[in-house]
Amino acid sequence: MGIKQLIFGEGEGYDYGALCMPSLPWKKQRHPMKFYPLDELPLLLSLVMGLQHAFAMVGGLITPPYVVAKFSIDSFPFAKVELQQYFIVAALITSGIGTIINVLKVEIPFSKKIFGKHLYVGSGLLSVMGTSFTFLPIFEIAILSMKADGFTGEEAYGKMLGTSMLCAILEILFSLLPGKTIRKIFPPVVSAV
C-alpha cells in the first residue's frame, strides 16, 4: 500500500463530497451516499470525520453550562465572564473524568459476594459522558423561582447542584436493584418500555 492509498483510500476511492457536505432536503442530491465495506478508513477521511465529531461533541458539552450560567448567575450583557468560563471548564473536566471512568469499566469490589454477580462502573465502550440539554428547562424554572423568592443566582445554582448530586445517588441505588423490582416500581405505563 502506497502513501496515496493510505491517505485517500484504495479502489474506486471515497466520495468526499457526499461524505463531507450536508444533504439538503429541498435539493436533489448530486452525490448519493454510499456505504463502504468494513475496511480501513483512509487517513484523510479519518482526520476529517474525527475533527467534525470533536467539534460536535465540544459544542454539545459547553452549551448547557453556558445557558445555565446565563439564566442563573449572569444576564445580558456578559457581566461575569469568569463564572461562565468556570461553568464551562468544570463541565469539560467532569466530562473527561466521566468518559475515562466509562471507558475503563472498573469492577466494583466484592460485588460478586454481595449481589451474586459482577457489577461494573462504566461500560467499557468508547462513548463521551457529558452534560445534557434535558435538565435545562428544570434548572431554568427552579432557579428563576428561587431568584424570585429572594435567593441570589449563585445560591440558587448551588441548591440545584446539590439536588442533582442527591438525585445521582438515587440513580446509583436504582441501578443496583434487580430488573423485576425496577419494573414493579416503574411499570410500562410510566416508563413507556
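The values are calculated or read from the model by the stated rules, or taken from the named source; none is laboratory data. Given the structure is predicted, the values throughout are model-derived calculations rather than measurements. Cβ atoms come from the backbone with ideal geometry, glycine included; neighbour counts cover every protein chain shown. Each accessible area value is taken on the protein alone, full model and side chains, heavy atoms only, with ligands, DNA and RNA left out. Shrake-Rupley method; radii C 1.70, N 1.55, O 1.52, S 1.80 Å.
Points to keep in mind about this one:
- When residues in the stretch 65-114 are screened for being touching an Asp or Glu at 6+ places or on another chain (Cβ under 9 Å), of a type in the set (V, I, T) and surrounded by 12 or more Cβ atoms within 10 Å (Cβ to Cβ), 3 of them pass.
- Helices (runs of 4 or more DSSP H) completely within the stretch 99-193 that count 3 or more residues being under 24 Å from K80 (Cα atoms): 136-148, 153-175
- When the residues of the stretch 156-166 are filtered to those that are without any contact (Cβ under 8 Å) to a residue 12 or more places away in the chain and open to solvent by 90 Å² or more (accessible area, probe 1.4 Å), the one that is nearest to I88 (Cα to Cα) is M165.
- For the stretch 67-86, the criterion of being closer than 30 Å to I7 by Cβ and either modelled with pLDDT of 90 or more or not in a loop (DSSP other than H, G, I, E, B) (or both) is met by none of the residues.
- Condition check for E12: at pLDDT 70 or above, acidic (D, E) and assigned to a loop (DSSP other than H, G, I, E, B): no
- The stretch 137-154, subset surrounded by 15 or more Cβ atoms within 10 Å (Cβ to Cβ) and charged (D, E, K, R), residue farthest from I93 (Cα to Cα): K147
- The stretch 115-136, subset surrounded by 12 or more Cβ atoms within 10 Å (Cβ to Cβ) and over 30 Å from I62 (Cα atoms), residue modelled with the lowest pLDDT: F115
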